[in-house]
Amino acid sequence: MATEGEPLQGGHELDFGSGSQNPTPPPPAAAPAPPDGAFPQPAPPYGAQPGQSYPAQPERPYGAQPTQPYGVQPTQSYGAQPTQPYGVQPTQPYGAQPTSYPAQPGQPYPAQPYGPQPPRRSSKGLLWGLIGGGAALLLVAILVVALLVVPAITRSSVTAADAVKAYLAAVSQGDAKTALGYLESVPSKGLLTDEVLKESNRLAPISHISVAKGGEGKNSATVIASYRIGDKTMSSVAYEAYRIKDSWKIANGVSPVSFQSLSGLDATINGVPTAKLTDAYVFPGTYELALDSKYFSIDGDATFTIVSPEDAAALYTVKTALNDAGVAQFRSLVRSAVEACVAMKTLATPCGMDITAIDLSGASPVEGTVARTLTADGSAALDNLKPESGGSSPTVVSSYDSISVDMKLQGSDGQTYTVTFGGYLNTPTVDFGAAAPTVTWE
């Protein structure tokens, strides 16, 4: 074994630093031999260059490790094994190769972990794994957005103005079912049908629908709409809408109507009989009344444009009148009733002309002695009676014309008296709603 400061046996001394910028320092003085019983100093570390001297190692207690800066590798002569103190096991088997290589000057080589390394994935497999995992996470995120965000966007994107415009469009297209979907609950749908809307649009179609947006609250809104019905422009029609769950419902989209003024006249509205309609409502549109009656017709315009309850109120005061056949029938019935009364001799009659309390200057009238005569003026009045509908029912018709009748009677004193004042006819009235119309006197 070579000793420190001596060249290897059988070889030549080599100089690795003659041309270097860092010349090899001169060799230190030889270390004194250890006394008896002391352990020898370790040889130069593994990897030392031949001919390169190192400073002597200081003495240290048994088992102590030499101190050196962190990361510095111990140097030793090539091929020489370091001497270990007695009883100390070497850190690796004899002849085993070191797990790290000596650092080059100025560039330390990082130490590798001791022991076998775990198998590594290929970079392509890792890349595809990351891509696959990322795609799965992205898909989950998209589903969460679809389930949570999209419904909220859908709810917020449908406004009250959109609902009103869609409602009016459905009405203009005669689609009652779709239109009803935009309304709150309606008690009666008897007139809210496709057939009624079809006739309404035939009479005067709805067009030029325009809805103003804005002014919408969280749960309620007032929507201003304008449109045309036939040649009539409906401007600034206000619709009240309320949010119910995820949609807007219109509170005043239909108008209530009443047909009390047509009771008993077999009336129809846009072809639908009104006799059994109660709490009826209509869509915005045009409505035509007709009477399936032998004697009556609508007195005035029978067509109504309705977009609000104020418009619908006109139906409450619809007037009816006898048609020509009805007038002729009324005059005939009244004449017959008047002539029957005029022929009576009694002091009192069903048609009036009662003279039971007449003053005969002290004498009293004698029953059964009354003579009544229809005058020429009275006869002419009967021929020209002007019937008027009564207030209790549209089928009840009366006449308030004056019909003159001359009357004479006998008094208890035997004298004949002419009635100048009193004894007038009552008001003739006919109810054409009765099975057999007759004259009553009021």
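The values are calculated or read from the model by the stated rules, or taken from the named source; none is laboratory data. None of these values were measured; they are calculated from a predicted model. FYI the Cβ positions are ideal-geometry reconstructions off the backbone, even for glycines, and counts take in every protein chain you see.
So the values come out like this:
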read-out: Filtered residues of region 334-380 (kept if acidic (Asp, Glu) and within 21 Å of residue 411 (Cβ to Cβ)); value: 354, 359, 367
read-out: Odd one out for residue 208, checked against (1) modelled with pLDDT under 95; (2) loosely packed, with under 12 Cβ neighbours inside 10 Å; value: (1)
read-out: Condition met for residue 225 (surrounded by fewer than 14 Cβ atoms within 10 Å (Cβ to Cβ) and either part of a strand (DSSP E or B) or at positive phi (or both)); value: no
read-out: Test result for residue 276, modelled with pLDDT under 95, among the charged types (D, E, K, R) and within 21 Å of residue 194 (Cα to Cα); value: yes
read-out: Looking only at region 285-318, and only at residues there that are aromatic (Phe, Trp, Tyr) and within 35 Å of the chain's Cα centre (by Cα), the one that is surrounded by the most Cβ atoms within 10 Å (Cβ to Cβ); value: 287
read-out: Verdict on residue 261 being in contact with a Ser or Thr (Cβ under 9 Å, 6 or more places away or on another chain) and either surrounded by fewer than 17 Cβ atoms within 10 Å (Cβ to Cβ) or assigned to a loop (DSSP other than H, G, I, E, B) (or both); value: no
read-out: Pairs with Cβ under 7 Å, 6+ apart, first in region 261-279 and of a type in the set (S, T, N, Q), second in a loop (DSSP other than H, G, I, E, B); value: 261/318; 261/394; 263/393; 263/394; 268/274; 268/292; 274/259; 278/188
read-out: Of the criteria (1) at pLDDT below 95; (2) outside any strand (DSSP E or B); (3) crowded, with 17+ Cβ neighbours inside 10 Å, which one residue 321 fails; value: (2)
read-out: Checklist (1) more than 60 Å from the chain's Cα centre (by Cα); (2) surrounded by fewer than 15 Cβ atoms within 10 Å (Cβ to Cβ) applied to residue 434, failing item; value: (1)
